[in-house]
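J.: Input: one structure, supplied below.
Please treat every number below as a calculation from the coordinates, not as lab data. All of these numbers come straight from a predicted model, not from anything done at the bench. Here the Cβ positions follow ideal geometry from the backbone for every residue, glycine too, while neighbour counts run over all protein chains shown.
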Amino acid sequence: MTRMKLAFLLVPALGAALLFGTLNPKQNLPRPAPSGQSIRVLLSYEPGATSFEEKYLFPTLRLLPLGGSVQVSSGPDRESLRPVVTVFADKPLTFTPQNNRLVATFEGLTFALESVVQLKPADPSAPVQYRLPSTARPGPAPEYPGELWLELRSNGLLVVNRVDYQDYLKGVLPSEMPPHFHPEALKAQAVAARTYALVRQQADTYWKQFGADVDDSSSEQVYNQTRRHPATDAAVEATHNQILTFAGRPIQSFFFSTSPGATASIEEVWMDRPPAPYLKGRPQTNPIQVSIESEAEALAFFQNWNPEGFYDAISPFWRWKLHLSREELEALLSRTLPERARLAPQFVQTPEGPLSPEAPGFKLGTLQKITVLKRTTGGYVTALEIQTSSGRYVVQRESHIRSLLRPDKAFTGGADVLLELWQGGPRLNFPNLPSTAFALQEERDERGNLLGLTFWGGGFGHGVGMSQYGALGLARRGYGYRAILEHFYPGTTLTMLNTRNKR
């Protein structure tokens, strides 16, 4: 692999002057201090919930400050805060909505607050960890460094964690990549995650209206869902302030779990986004070449469960199989097709039929055929047609196709739905189709009526950018993290990011 280019340039970002400097690959980086740059993360109350209110609004917030004392400030908005009280560490603190205000309870004392609250260390030299036992997340109560910002909403509390980049990334890495992965794969993930966070912080994201830059779920990067680990902490420190740039700008460093043997170009998977030279579909194989030009070739490709030569074959999702009867598919599509049409009408068309799926009185009818209309040369389906006795319906875009075909008995009715994996045990009632990289095999009776479909598939995730299991496969083949990043984001520059001013 060629050694990555180096750069020196200056760009502004959100009130902090950021300096990109020369990165010497042979330089021993000093033990990193805090990055000097912080990011704001909207925390989820119940990560698996579907509605915004259920997912993000805390009915009551209970927390335990650990480490130093906490200064509690409050006001009608973020610009008008005043100190209210300083509370000691290791004592529970509760915030409850009451009569359109917030009430804090500490050691039997009650404090009336306004709609916005800030919690920060009373002594900057004594950092605080906030343990939150009041989330609906399974497992041990998560802990958050930095500051917490609370905002009263009609049905509960929004909670935002303002945290230093280094601490944020140490919470992201073990949640996004298993700590037992090869150190070079973990370093590649650290650089990709840091770059992704920086770009999202600079962008006008959906989360800005809530006083945040990102959330803590797979909608952005998963944060603090898994406890920190020495191996992932080391990867963050070893790549301190390193990001990827292209033509002088931080890149969109998308990543996902597992490729079936190729990645996909961004404009193929998300047709509403422009192409990017560093996000082009690439084979993830050696010496095999992946170039699928017909549905027969796609079926043969996904029915090949021989892992030899595939970088991602370490993953149990490298190959998978799913069978659904016609009755299960009809039950599933009767729910998910109208749902997709309501949520994203621009990606669900009705070329033939009296009613669009979101219209009142829509009936799916008898399923006759599901056809792949378009796919990438690497195997990812980008347009799917559903033909029934009531009409024809076309669904586009990766996220909508995966949500359309959910292998879950909650949607299909009846018995558990089995997702077979090429290694490891099967998964029951998986929440979404693992990927859109699949081919269809029909089962019909002697009259030609559809009885069911077998989905022969591979991969897990959207397919754009870096494959995490592919990074592991390359690391095991001797690639360093710079070479891994160059492989997945060709033409990019590994750049050192320093801060001149703290936010």
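J.: List the pair-distance distribution P(r) of the chain, using every Cα-Cα distance, as the percent of pairs falling in each 20 Å bin from 0 up to the bin containing the longest distance, rounded to whole percents.
T.: Distribution as computed: 21, 49, 27, 2 percent.
J.: Calculate the dipole size of region 313-440 relative to its Cα centre from +1 charges on Lys and Arg beta carbons and -1 charges on Asp and Glu beta carbons; express the result in debye to the nearest 20.
T.: Charge dipole, region 313-440, about its Cα centre: 220 debye, nearest 20.
J.: Once you treat every alpha carbon in region 440-500 as an equal point and sum by Debye, what is log10 I(q)/I(0) at q = 0.14, 0.18, 0.25 Å⁻¹?
T.: Listed by q, the Debye log ratios stand at -0.62, -0.77, -1.04.
J.: Let me ask something else. Principal axis lengths of region 120-276 from Cα atoms, whole Å, largest first?
T.: The Cα atoms of region 120-276 stretch 47, 38, 33 Å along their principal axes.
J.: By a straight-distance test (C-alpha under 18 Å), which aspartates and glutamates pair with Lys208 as possible cross-link partners, with residues fewer than eight away in the same chain excluded?
T.: Partners found: Glu53, Asp77, Glu79, Glu147, Glu151, Asp164, Asp216, Glu220.
J.: Give the cross-link partners of Lys409 among the aspartates and glutamates, using a straight C-alpha distance below 20 Å as the criterion and excluding same-chain residues fewer than 8 apart.
T.: Glu327, Glu328, Glu330, Glu339, Glu420
J.: Let me ask something else about it. Extent of region 142-198 along each principal axis, from alpha carbon coordinates, in Å, largest to smallest?
T.: Per principal axis, max minus min of the Cα coordinates gives 46, 21, 17 Å.
J.: Please compute the alpha carbon radius of gyration of region 198-281, then divide it by the globular-protein estimate 2.2 N^0.38 Å. Two decimals is fine.
T.: Working it through for region 198-281, the quotient is 1.27.
J.: I need the phi-derived Karplus couplings for region 102-118: 6.51 cos²θ - 1.76 cosθ + 1.60, θ = phi - 60°, integer Hz, Gly and Pro marked x.
T.: 9, 10, 9, 10, 8, 6, x, 9, 10, 10, 7, 10, 9, 7, 10, 10, 10
J.: Once the dipole of the chain is set up with Lys and Arg at +1 and Asp and Glu at -1 on Cβ about the Cα centre, which of Gln98, Thr412, Phe88 lies farthest towards its positive end?
T.: The residue sitting most towards the positive pole is Phe88.
J.: If you filter region 414-461 for trypsin sites (Lys or Arg not before Pro), then keep DSSP loop positions with at most 10 other Cβ within 10 Å, what is left?
T.: Those that pass, being in a loop and sparsely packed, are Arg447.
J.: In addition: Using DSSP, restrict attention to beta bridges with both residues in the chain and report what percent are antiparallel, rounded to the nearest 5.
T.: Approximately 95 percent, going by the DSSP bridge assignments.
J.: Taking a quarter of the surface of the Cα convex hull of region 63-153, what do you get in nm²?
T.: Spelled out: convex hull of the Cα atoms, projected over all directions, averaged, 6.0 nm².
J.: Going through region 308-385, which trypsin sites (Lys or Arg not before Pro) have at most 15 other Cβ atoms within 10 Å and a DSSP loop state?
T.: For trypsin sites (Lys or Arg not before Pro) across region 308-385 that sit outside H, G, I, E and B with at most 15 neighbouring Cβ atoms in 10 Å, the list reads Lys363.
J.: Continuing with the same structure: At most 15 other C-beta atoms within 10 Å and a DSSP loop state: those are the exposed GluC sites (Glu not before Pro) I care about. Give me the longest piece of the chain that has none.
T.: Answer - 108-292.
J.: Summing +1 for each Lys or Arg and -1 for each Asp or Glu, what net charge is found among the other residues whose Cβ lies under 14 Å from the Cβ of Leu451?
T.: -3
J.: Continuing with the same structure: Between exposed chymotrypsin sites (Phe, Trp or Tyr not before Pro) in the chain, where DSSP calls loop and at most 15 other Cβ atoms lie within 10 Å, what's the longest gap?
T.: 89-304
J.: Mind checking the dipole of the chain: about its Cα centre, +1 per Lys or Arg Cβ, -1 per Asp or Glu Cβ, Debye to the nearest 20?
T.: Charge dipole, the chain, about its Cα centre: 1160 debye, nearest 20.
J.: Cross-link list Lys120/Lys170; Lys55/Lys187; Lys170/Lys280: which exceed 27 angstrom alpha carbon to alpha carbon?
T.: Over 27 Å apart, Cα to Cα: Lys55/Lys187; Lys170/Lys280.
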